[in-house]
Amino acid sequence: MSKRSVMLLVVLLLAALAVAAWLLRRSASAEHAGSAKARADKANAPEIWLSVNGSGDVEVAPGWPLIVQLVVLHPRAMQTNDKVPPINVAPRSGSWADAVGFTVRSEKSGPQSWALNLVAPAEPSLRLDALAAGEAYWWMSPEETQKLGEGDYELVATLEVDASANEAGWKGSARSMPVTVHVRKASEPASAELVSQKYALLASYASLWNDQKQALAYVDEAMLRIPKDVRIWEIDGDLLAAANRNAEALFAYSRALKLFYEQNPKSAEPPGLLLIKEREMVKRVLAEK
């Protein structure tokens with residue numbers, strides 16, 4: 001579902017709740033009143049978006065790292081033309097990310113327990129509004145994914161706050177849509193695309209540990225195997241840019257663009273984000289002179 005569709009759904013939901021509230025004021029039914037409150041609470045809850053290795057439906061090979069990303073949005077995110085009352089997520093104990101729990105189910109054997117490790121968020125609490133969102137990551141090591149049985153799994157995240165650190169803090173529960181994870185052995189010999197995916201994940205995994213040296217080592221190893229891979233050159237640029245090695249980052253982005261146009265001479269869409277990154281590096285390099 002696109003973000004625009006989500007926003008439209010929220011607007012329709014709020015309109016429906018307004019009508020429901022008017023009807024309920026005319027009714028003495030406690031059951032109906034409770035139902036309206038539940039729907040209102042849901043409409044005011046944060047929205048939870050979940051992905052695994054950057055996707056909502058992903059294939060993972062045993063022995064590859066698994067990276068879970070969770071994004072928390074205000075239900076009226078991006079609606080800057082109207083006043084949006086903020087939502088404060090501040091559990092009484094621990095960080096907001098500690099209030100996130102995961103359920104994993106296997107199609108074959110039911111509930112599972114995965115060793116998902118939280119990367120401590122930058123801030124212990126969240127203030128959500130039309131433009132501000134929250135983001136957190138969890139990881140599962142290659143050693144742990146090696147233990148996963150082949151099959152299809154469903155992962156769901158739930159943010160649940162029973163007690164807030166302040167009176168204005170949000171309390172309640174918000175649940176993500178499920179993400180499907182297909183655990184399959186990688187084909188042998190591995191295709192260039194699989195090699196690219198694997199090393200991109202390894203570099204991201206090392207970056208979560210702030211081990212940029214190891215992340216660059218993974219990228220260098222990938223370049224020896226797939227020297228014309230656009231994604232690997234772009235990741236190389238990202239890592240170098242983060243380390244303020246601007247001239248080297250500019251070279252990497254330029255190389256990625258050259259390869260993209262060589263491999264996609266008739267592409268209807270330009271690599272917009274990559275072009276933006278290269279332009280930013282040009283500015284940085286010129287500023288250094």
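Readers should treat all values here as calculations from the given coordinates under stated rules, not as data from a laboratory. Only a predicted model underlies this, so the values are computations on that prediction, with no experimental measurement involved. Positions of Cβ are backbone-derived with ideal geometry, glycine not excepted, and every protein chain shown enters the neighbour counts.
Of all aspartates and glutamates in the structure, those lying under 19 Å Cα to Cα from Lys258, and not within fewer than 8 positions of it along the same chain, are Glu193, Asp220, Asp229, Glu234, Asp236, Asp238, Glu248, Glu269, Glu278, Glu280.
Think of the stretch 206-289 as having a plus end and a minus end, set by charges on the Cβ of Lys, Arg, Asp and Glu; of Gln212, Ala241, Leu286, Leu286 sits farthest toward the positive end of this dipole.
For the stretch 45-183, the Cβ-based charge dipole about the Cα centre amounts to some 320 debye (Lys, Arg positive; Asp, Glu negative; other atoms uncharged). Extension gain, Glu59-Glu107: 0.36 nm per intervening residue step, less the Cα-Cα distance, totals 15.8 nm.
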